[in-house]
Ligand code: HSE
């Protein structure tokens with residue numbers, strides 16, 4: 001029998017319990033053993049829960065129980081979750097998590113710890129919720145040298161942008177709606193300022209390129225500055241504004257990674273990814289382009305990925321999964337300054353001034369545009385060049401165009 005403990009009975013933790021219960025028969029069949037939930041750790045009381053007999057408040061009960069093989073960490077954050085994960089791995093228990101913050105900030109050391117203790121640390125649910133992406137990246141695409149991983153990695157911001165595009169809501173109105181629907185937290189900072197997408201692109205970059213990329217090495221710009229005017233200008237030329245996390249292979253084993261709003265051409269499949277859906281596009285030197293699409297958040301989709309990791313471990317508790325990456329380095333991540341792309345610019349200037357500054361441009365139009373406002377797309381250039389050309393100008397928005 002394989003025994004499981006869940007740490008944190010929030011949205012994802014309770015979803016994991018539900019999937020283990022609902023699909024128990026087929027999970028046992030697939031593992032060829034009985035997989036049983038033995039403990040749920042939470043500081044709160046759940047007297048009416050069907051699992052009420054499983055609750056404990058002291059992690060020591062799980063840590064010291066030799067029957068517990070797999071610990072599911074759905075507490076979140078890099079505080080107590082780091083302590084419990086470290087202790088579980090040191091006790092030889094494999095850990096499965098959806099906690100992208102912990103993986104992005106401490107993944108390398110936790111993977112090392114897992115190997116040293118003959119167990120596994122798996123985190124499929126940390127990126128893209130229910131979308132299978134991490135295992136395909138490292139196993140199905142293992143024959144490729146990966147060139148680029150880019151995606152819509154945050155469901156909340158994609159919902160907000162979709163509502164701005166489709167319903168003409170302002171950013172504040174769309175955020176309030178996302179909060180009312182339970183997508184955005186009361187404090188939406190991690191989502192709307194790009195920190196959540198940043199952690200996810202760090203994990204993808206580490207798996208794609210083999211070395212730990214830390215969130216403080218990756219510049220992240222969120223969507224607070226995106227206006228309805230930008231949405232309308234983009235739309236007029238067949239583009240959608242999307243928050244993208246991007247990681248690009250660079251010479252000498254280096255990596256370029258960043259998070260920022262982009263104008264995505266309508267013909268690019270990422271442009272059609274709406275609401276809380278996520279999508280991750282991967283380019284490999286043998287496969288070319290491949291895209292992964294699905295529900296990037298939510299109780300059961302995320303639990304689906306967590307329980308898949310539980311099943312993988314339960315099938316062979318002692319297998320060395322080699323699912324790690326090498327140590328990071330301060331000079332591993334290079335600036336995006338060298339990445340050439342067209343740019344979208346909205347500024348207080350005439351069309352003539354825009355042409356004088358930026359040369360060959362495509363002017364954009366929208367109904368109700370005030371005199372003195374210009375919006376346009378430039379030819380491909382690097383960011384320092386575009387900033388130099390705009391020096392001293394009153395610039396409202398400056399976003400990359402995905403080529
Ligand atoms: N807040 C995240 C999102 C949840 O909106 O995508 C899933 O990581």
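Listed values, structure above:
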{"item": "Theoretical ellipticity at 222 nm over the chain - DSSP helices of four or more residues, -39500 (n - 2.57) apiece, nearest 500", "result": "-10000 deg cm²/dmol"}
{"item": "Normalised convex hull volume, region 183-254, alpha-carbon set, Å³ per residue", "result": "127"}
{"item": "Estimated translational D of region 129-179 in µm²/s (Stokes, Kirkwood radius over Cα pairs; 25 °C; 0.890 mPa s)", "result": "185"}
{"item": "Highest-MSF residue in the chain out of 219, 132, 50 [GNM, Cα springs under 10 Å]", "result": "50"}
{"item": "Crossing angle, helix 100-116 versus the chain [Cα axis fit, 0-90 degrees, rounded to tens]", "result": "40"}
{"item": "The chain: most fluctuating residue of 97, 85, 11 per GNM, C-alpha cutoff 10 Å", "result": "11"}
{"item": "Protection proxy ranking, peptides 311-317, 21-27, average beta carbon neighbours within 10 Å, highest first", "result": "311-317, 21-27"}
{"item": "Two-site label geometry, residue 252 and residue 36: point separation in nm, points 7 Å out along Cα→Cβ", "result": "5.8"}
{"item": "Paired Rg and Dmax values of region 123-225, which use every Cα atom, in angstrom", "result": "15.2, 46"}
{"item": "GNM top mover of 230, 32, 42 - the chain, alpha-carbon springs below 10 Å", "result": "32"}
{"item": "Scattering profile of region 178-309 at q = 0.16 Å⁻¹ [log10 I(q)/I(0), Debye over alpha-carbon scatterers]", "result": "-0.98"}
{"item": "Å³ per residue enclosed by the Cα convex hull of region 73-148", "result": "100"}
{"item": "Considering only the chain, percent of DSSP beta bridges that pair antiparallel, nearest 5", "result": "65"}
{"item": "Mean Cβ count within 10 Å, highest first, over the residues of peptides 380-386, 397-403", "result": "397-403, 380-386"}
{"item": "Crossing angle, helix 171-180 versus the chain [Cα axis fit, 0-90 degrees, rounded to tens]", "result": "20"}
{"item": "Percent of alpha-carbon pairs separated by more than 20 Å within region 340-401", "result": "14"}
{"item": "Relative packing of 335-344, 209-218, 137-146, which averages over residues the other C-beta atoms within 10 Å, highest first", "result": "209-218, 335-344, 137-146"}
{"item": "Estimated inter-spin distance, residue 291 and residue 49, nm [label 7 Å along Cα→Cβ]", "result": "3.9"}
{"item": "Beta bridges per DSSP with both ends in region 258-368, % antiparallel, nearest 5", "result": "100"}
{"item": "Using alpha-carbon coordinates, inclination of helix 80-90 to the longest axis of the chain, degrees", "result": "50"}
{"item": "Where the Cα pairs of the chain fall when distances are cut into 10 Å bins, in %", "result": "5, 22, 29, 23, 13, 6, 2, 0"}
{"item": "Sites residue 360 and residue 1, calculated FRET efficiency, Cβ-Cβ separation with R0 56 Å, nearest 0.05", "result": "0.25"}
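Only the coordinates and a few stated rules stand behind these numbers; no lab work does. Since we're looking at a predicted model, the values are computed, not measured. Ideal geometry is used to build each Cβ from the backbone, glycine not excepted, and the neighbour counts take in all protein chains shown.
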